[in-house]
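Q: Right, I'll just put the structure down here and ask away after.
The values are calculated or read from the model by the stated rules, or taken from the named source; none is laboratory data. Bear in mind the structure is a predicted one, so any value in this text is a computation, not a measurement. With ideal geometry, Cβ positions are generated from the backbone for all residues, glycine too; neighbour counts draw on all protein chains shown. Please note that ligands, DNA and RNA were not included when accessible areas were found on the heavy atoms of the full protein model with its side chains. Shrake-Rupley method; radii C 1.70, N 1.55, O 1.52, S 1.80 Å.
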Amino acid sequence: MAFGEGALAALQAAFREGAKSLVLLSPLLRRDALLAAKLSALRFALECGGVEGFARVGRALFFGPRSAGSEEIFAAWKEGLSPEGVAVWLSQVEALGDERRWLRGTEARVLVVQGALDAFTPPLYGQEAVDFAKGEALRFTVEGAGHLVPWEAPEEVLDLVRDFLSGEAFRPLPGGLAW
């Protein structure tokens, strides 16, 4: 299971290890012009306002309606941020190329879960992951959640992952959707 930019490392490991199943949460597998603009805004916020500036801009990009108004969740997320860590993360994501090709290198069944209101990695990114997958691939969007879907809807995400890994409750439909 991998979250965000961790999708690339998970895909590379799935390729090397011959994984049977792979779960990607809010996958980030390519940098396009829109993502580059968001990253530029986040970098500017970090440079001008430090972690506080980054967090203020990040709140609009990473949180969905389920958690955007929660000061408790926001404070917990912000507490884990450091200027050095955020700068490293920004550099890694800014250096991302088009890594969707790794999906062609694995036969693993792929589950993509995203927040329906993910402003950082919109549902289109998840659909692209499903479209590029070589093997069976399913995509679910969680209503009212943003980029941080595993924190915003933990029970829903856990149920989807559990059902996917056990092979139950999924019947693929055209376009990578399931019911």
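Q: From the list ARG43, ARG30, which one is part of a loop (DSSP other than H, G, I, E, B) and either assigned by the TED database to the domain that holds LEU111 or open to solvent by 10 Å² or more (accessible area, probe 1.4 Å) (or both)?
A: Matching residue, one of ARG43, ARG30: ARG30.
Q: Looking at the stretch 9-27, which of its residues are open to solvent by 10 Å² or more (accessible area, probe 1.4 Å) and either in a helix (DSSP H, G or I) or in contact with a Cys (Cβ under 7 Å, 6 or more places away or on another chain) (or both)?
A: If the condition is that a residue be open to solvent by 10 Å² or more (accessible area, probe 1.4 Å) and either in a helix (DSSP H, G or I) or in contact with a Cys (Cβ under 7 Å, 6 or more places away or on another chain) (or both), then ALA9, ALA10, GLN12, ALA13, PHE15, ARG16, GLU17 are the ones that fit.
Q: Being farther than 30 Å from ASP163 by Cβ and touching a residue at least 12 places away in the same chain (Cβ under 8 Å), is that true of even one residue in the stretch 13-31?
A: Yes, the stretch 13-31 contains a residue that is farther than 30 Å from ASP163 by Cβ and touching a residue at least 12 places away in the same chain (Cβ under 8 Å).
Q: Is it true that PRO65 is touching a helix residue (DSSP H, G or I) at 6+ places or on another chain (Cβ under 7 Å) and farther than 21 Å from LEU8 by Cβ?
A: Answer is no for this residue.
Conditions (1) outside the structural domain of ARG16 (by the TED database); (2) open to solvent by 10 Å² or more (accessible area, probe 1.4 Å), marked per residue:
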| residue | (1), (2) |
| --- | --- |
| PHE74 | yes, yes |
| GLU84 | yes, yes |
| ALA87 | yes, yes |
| ASP118 | no, no |
| PHE132 | no, yes |
| ALA145 | no, no |
| PRO150 | no, yes |
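Q: Examine the stretch 89-97 for a residue that is in a helix (DSSP H, G or I) and either touching a His at 6+ places or on another chain (Cβ under 6 Å) or farther than 25 Å from PHE15 by Cβ (or both), and state whether such a residue exists.
A: Yes, because at least one residue in the stretch 89-97 is in a helix (DSSP H, G or I) and either touching a His at 6+ places or on another chain (Cβ under 6 Å) or farther than 25 Å from PHE15 by Cβ (or both).
Q: Got a sec? Which helices (runs of 4 or more DSSP H) wholly within the stretch 109-179 have at least 1 residues that are modelled with pLDDT under 90 and touching a strand residue (DSSP E or B) at 6+ places or on another chain (Cβ under 7 Å)?
A: Output list reads 154-166.
Q: Another question, then. Among the listed residues GLY50, GLY58, GLY6, GLY64, identify the single one that is small (Gly, Ala, Ser), open to solvent by less than 60 Å² (accessible area, probe 1.4 Å) and assigned by the TED database to the domain that holds LEU160.
A: Every option except GLY6 fails the conditions.
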